[in-house]
């Protein structure tokens, strides 16, 4: 942020001035609020519709500066660094927002004038001598000059970052959005990046594969971060079609999962959902289309949110099916799932599955033999529905991990149950 | 005047009687063949029909004669009573995919289904996938089930590698089989049943049809030998059975009765089917024809000579001669009409 000015010499005030300032000590916050309010009212350039974080920063800076001034005036141990940082940050923020530096000067002048005015009132109330009052005014001026310098340093740094590295700023903004950073951070990064964060965002996960990364220039309306796959792309919901078209034009053979729109707070979750959609395409649970509309696959994305839990439930609830042959398991689970979903009659289920109604009746008999009375337990049935809904597509896609896990566990259990029998010859001996 | 009338009467009588005598036998043949066709019997020539009249032994193959030629399911025995319909469905659906009689009988238990990967296993059974369930139908030990003693042919049914029950099929005997056999015997034709089935099933079929002589497990090549043995015992033997299994026996027989289409060899009667009732009709028609034929010539000759004598004696004026000729024609017609009754 540039080179900071050296800390000014410590303020030395006469006792009467210190007495007057000590009367201010308990009212620092209310005075700071008044000064901040006056700055907002007088300098509209610092009081825009989306400037709440900036307003908060102005108040914090004034309040902390006043506290520091009082402490120093009363001869206490002080540290300038936090307040200097606040004023540099203020300058940086104003520059990042693209506002004029003159606004800062106006604000500082106004604040100093308000504070001086307050001190003069209190000097009159305390019958402070002219010499003591001059000493106070000099101290305020020196103090304000030092802080104004900090603001300038911050502003220069912000202006430099803004002008020299918008691309990096956009990446930082995207990272902040994906990390769920607070509004201040996002506002600051958005300001530097020159990318207004809209109310509704859409996140796209791009499986770049062998085609290489999507260049940021390919989607000028969106934020993206090349260099890893899946590559995140964030755009305003209104720009989704345009962004997807640009993406398809740049990487025609790549696959992209477009999440449903949401507020910026949901961006980290949206990234999880979109990348999960790509994972499910790889697992052949979701059809492999060039552009995956996640809205169409919300159920799958939700059901596969907890893969370990699914696996555990499958091992627990679907044990009867795991003892069947692969073909039988597939047929019975498919039929059971349709029944759990629809509770239709045998002919209706048969029509859905493309089989004869008697085949469905036969399967239902087998299912009852396997699961018994558990099928009358509503909790069990609900869990069964969910775990089947998640598992059957995996099995159909060729995922054998559930059965392999079951088989190995069973083998281990059998090995435990069957103790090592001594050799018969040895037993005879 | 008398001479003129007598000469005219003789001439008229000759004019009527000669064609009558000339055409009576061809007329008999024509009527016989017509009658045969209406009964579903194609007689190639008179000689074959004459041969049929002398037959006293009929060797009949079980397929299509005393049976309909099809089998039918006589028992459905699921291992679990709740699997009765499943047993019928899966076996029936698979049965539609094969052409052998056992499969055709089982196919009648169910409608067609979505069947894939059908494999015939000669001598043991059939396998396939019905609605993606592996199904096997066949010899019980082949599907890991115990054999079942008893009449008919019993097959085991396995679904999803689990036995679910037995099906037994047996010959579908024609309703009128025993009545037709009785009429055959009454007409002097002794039926002899030959079958490719085992002894118990053949005996049961013979008893149900009223046949006293039967030969089980008679392979096609043994049937000709059986015909020759019967002939050596002085029997006039006809053979009724479908081709080509019975080709040798049909060739060795005195009369061949077959349902084959196309030109017929001498000594072969073609039938629309081998229904034992139709077989009986062949012999009845042959015997009637033979009887009519044996009567027709002497009656026609006697009527002709009598008329000629009356004309020469001058007692048959021309008008009466015409009337006599008409009466003669009616008599001959009445004899022929006996064929079509």
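The values are calculated or read from the model by the stated rules, or taken from the named source; none is laboratory data. Remember, predicted model here, so these are calculated numbers, not experimental data. As a convention, Cβ positions derive from the backbone with ideal geometry for all residues, glycine included, and neighbour counts pool all protein chains shown.
Look through the stretch B:159-206, keep the residues that are assigned to a loop (DSSP other than H, G, I, E, B) and surrounded by fewer than 18 Cβ atoms within 10 Å (Cβ to Cβ), and return whichever of them is nearest to the chain's Cα centre (by Cα).
If we filter the stretch B:159-206 for residues that are assigned to a loop (DSSP other than H, G, I, E, B), which is where we start, we get B:160-161, B:174-176, B:187-189, B:195-198.
Add one more test, that the residue is surrounded by fewer than 18 Cβ atoms within 10 Å (Cβ to Cβ), and what stays is B:161, B:175-176, B:187-188, B:196, B:198.
On the way: B:161: 44, B:175: 14, B:176: 13, B:187: 15, B:188: 16, B:196: 18, B:198: 23 Å.
The qualifying residue nearest to the chain's Cα centre (by Cα) is B:176.
For the stretch A:272-285, give me the residue count where each residue is in contact with a helix residue (DSSP H, G or I) (Cβ under 7 Å, 6 or more places away or on another chain) and not in a helix (DSSP H, G or I).
We begin by selecting, within the stretch A:272-285, every residue in contact with a helix residue (DSSP H, G or I) (Cβ under 7 Å, 6 or more places away or on another chain); these are A:273-274, A:276-277, A:280, A:283, A:285.
From what is left, the residues that are not in a helix (DSSP H, G or I) are A:283, A:285.
Going through the stretch A:272-285 one residue at a time, the tally reaches 2.
If residue A:145 passes every condition in (1) outside any loop (DSSP other than H, G, I, E, B); (2) modelled with pLDDT of 85 or more; (3) within 30 Å of residue A:277 (Cα to Cα) but one, which one does it miss?
The number of the failed condition is (3).
Can you name the number of the only condition in (1) over 19 Å from the mean Cα position of the chain (by Cα); (2) modelled with pLDDT of 95 or more; (3) in a helix (DSSP H, G or I) that residue A:269 fails?
Answer for residue A:269: the failing condition is (1).
This table checks each residue for (1) closer than 28 Å to residue B:153 by Cα; (2) in a loop (DSSP other than H, G, I, E, B); (3) touching a helix residue (DSSP H, G or I) at 6+ places or on another chain (Cβ under 9 Å).
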site	(1), (2), (3)
B:208	yes, no, yes
B:218	yes, yes, yes
B:239	yes, no, yes
B:243	yes, yes, yes
B:256	no, no, yes
B:281	no, no, yes
B:292	no, no, yes
B:296	no, no, yes
B:299	no, no, yes
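Working only within the stretch A:390-406, note down all residues that are in contact (Cβ under 8 Å) with a residue 40 or more places away in the chain, surrounded by fewer than 17 Cβ atoms within 10 Å (Cβ to Cβ) and part of a helix (DSSP H, G or I).
Here is the first cut: in the stretch A:390-406, the residues in contact (Cβ under 8 Å) with a residue 40 or more places away in the chain are A:390-399, A:401-403, A:405-406.
Add one more test, that the residue is surrounded by fewer than 17 Cβ atoms within 10 Å (Cβ to Cβ), and what stays is A:396-399, A:401, A:405.
Once the filter is applied, which keeps residues that are in contact (Cβ under 8 Å) with a residue 40 or more places away in the chain, surrounded by fewer than 17 Cβ atoms within 10 Å (Cβ to Cβ) and part of a helix (DSSP H, G or I), the stretch A:390-406 yields A:396, A:401, A:405.
Give me a count of the residues in the stretch A:286-304 that are farther than 25 Å from residue A:401 by Cα and not in a loop (DSSP other than H, G, I, E, B).
Of the residues in that region, 6 qualify.
For residue A:171, all conditions in the list (1) more than 20 Å from residue A:274 (Cβ to Cβ); (2) in a helix (DSSP H, G or I) hold save one; what is the number of the exception?
Of (1) more than 20 Å from residue A:274 (Cβ to Cβ); (2) in a helix (DSSP H, G or I), only one is false for residue A:171: (1).
Tell me, yes or no, whether the stretch A:136-145 has at least one residue that is in contact (Cβ under 8 Å) with a residue 24 or more places away in the chain, crowded, with 18+ Cβ neighbours inside 10 Å and farther than 20 Å from residue A:15 by Cβ.
Looking through the stretch A:136-145, at least one residue is in contact (Cβ under 8 Å) with a residue 24 or more places away in the chain, crowded, with 18+ Cβ neighbours inside 10 Å and farther than 20 Å from residue A:15 by Cβ.
Please determine, by comparing only the residues of the stretch A:303-343 that are farther than 14 Å from residue A:391 by Cα, without any contact (Cβ under 8 Å) to a residue 24 or more places away in the chain and under 43 Å from the mean Cα position of the chain (by Cα), which one is surrounded by the fewest Cβ atoms within 10 Å (Cβ to Cβ).
Only one residue fits best here, namely A:343.
Inside the stretch A:305-388, counting only helices (runs of 4 or more DSSP H) that do not spill past its ends, which hold 3 or more residues that are within 13 Å of chain B (Cβ to nearest Cβ) and touching a helix residue (DSSP H, G or I) at 6+ places or on another chain (Cβ under 6 Å)? Give the derivation first.
Values: elements: A:307-317, A:319-322, A:326-342, A:346-353, A:357-371.
Of the helices (runs of 4 or more DSSP H) lying wholly inside the stretch A:305-388, those with at least 3 residues that are within 13 Å of chain B (Cβ to nearest Cβ) and touching a helix residue (DSSP H, G or I) at 6+ places or on another chain (Cβ under 6 Å) span A:326-342, A:346-353, A:357-371.
Tell me which residues, restricted to the stretch B:275-305, are exposed (fewer than 15 other Cβ atoms within 10 Å of the Cβ) and more than 34 Å from the chain's Cα centre (by Cα).
Answer for the stretch B:275-305, where residues must be exposed (fewer than 15 other Cβ atoms within 10 Å of the Cβ) and more than 34 Å from the chain's Cα centre (by Cα): B:301, B:302, B:305.
Restricting attention to the stretch B:126-141, which residues are more than 14 Å from chain A (Cβ to nearest Cβ) and farther than 13 Å from residue B:98 by Cβ?
B:139, B:140, B:141
Residues in the stretch B:262-275: is at least one at pLDDT below 75, in contact with a helix residue (DSSP H, G or I) (Cβ under 9 Å, 6 or more places away or on another chain) and not in a helix (DSSP H, G or I)? Quick ask: steps written out before the conclusion?
Keep residues of the stretch B:262-275 that are at pLDDT below 75, which gives B:262-264.
Subsequent filtering for residues that are in contact with a helix residue (DSSP H, G or I) (Cβ under 9 Å, 6 or more places away or on another chain) retains B:264.
Add one more test, that the residue is not in a helix (DSSP H, G or I), and what stays is B:264.
Yes.
Does the stretch A:92-102 contain at least one residue that is modelled with pLDDT under 85, in a helix (DSSP H, G or I) and crowded, with 17+ Cβ neighbours inside 10 Å?
Within the stretch A:92-102, one or more residues are modelled with pLDDT under 85, in a helix (DSSP H, G or I) and crowded, with 17+ Cβ neighbours inside 10 Å.
Going by the conditions given, is residue B:16 more than 14 Å from chain A (Cβ to nearest Cβ), crowded, with 22+ Cβ neighbours inside 10 Å and at pLDDT below 85? Walk me through it before giving the result.
Values: more than 14 Å from chain A (Cβ to nearest Cβ): yes; crowded, with 22+ Cβ neighbours inside 10 Å: no; at pLDDT below 85: yes.
So residue B:16 fails the test.
Answer yes or no as to whether residue A:221 is surrounded by fewer than 15 Cβ atoms within 10 Å (Cβ to Cβ), touching a residue at least 40 places away in the same chain (Cβ under 8 Å) and within 30 Å of residue A:89 (Cα to Cα). Explain how you work it out, then say what you get.
Values: surrounded by fewer than 15 Cβ atoms within 10 Å (Cβ to Cβ): yes; touching a residue at least 40 places away in the same chain (Cβ under 8 Å): no; within 30 Å of residue A:89 (Cα to Cα): yes.
Spelling it out, it is not the case that residue A:221 is surrounded by fewer than 15 Cβ atoms within 10 Å (Cβ to Cβ), touching a residue at least 40 places away in the same chain (Cβ under 8 Å) and within 30 Å of residue A:89 (Cα to Cα).
Restricting to the stretch A:5-26, name every residue that is in contact with a helix residue (DSSP H, G or I) (Cβ under 9 Å, 6 or more places away or on another chain) and part of a helix (DSSP H, G or I).
Answer for the stretch A:5-26, where residues must be in contact with a helix residue (DSSP H, G or I) (Cβ under 9 Å, 6 or more places away or on another chain) and part of a helix (DSSP H, G or I): A:15, A:16, A:17, A:18, A:20, A:21, A:22, A:23, A:24, A:25.
Kindly check whether there is at least one residue in the stretch B:142-158 that is more than 14 Å from chain A (Cβ to nearest Cβ), part of a helix (DSSP H, G or I) and surrounded by fewer than 20 Cβ atoms within 10 Å (Cβ to Cβ).
To start, the set of residues in the stretch B:142-158 that are more than 14 Å from chain A (Cβ to nearest Cβ) comprises B:142-156.
Then keep just the ones that are part of a helix (DSSP H, G or I); that gives B:142-143.
Narrowing further to those that are surrounded by fewer than 20 Cβ atoms within 10 Å (Cβ to Cβ): B:142.
Yes, the stretch B:142-158 has at least one match.
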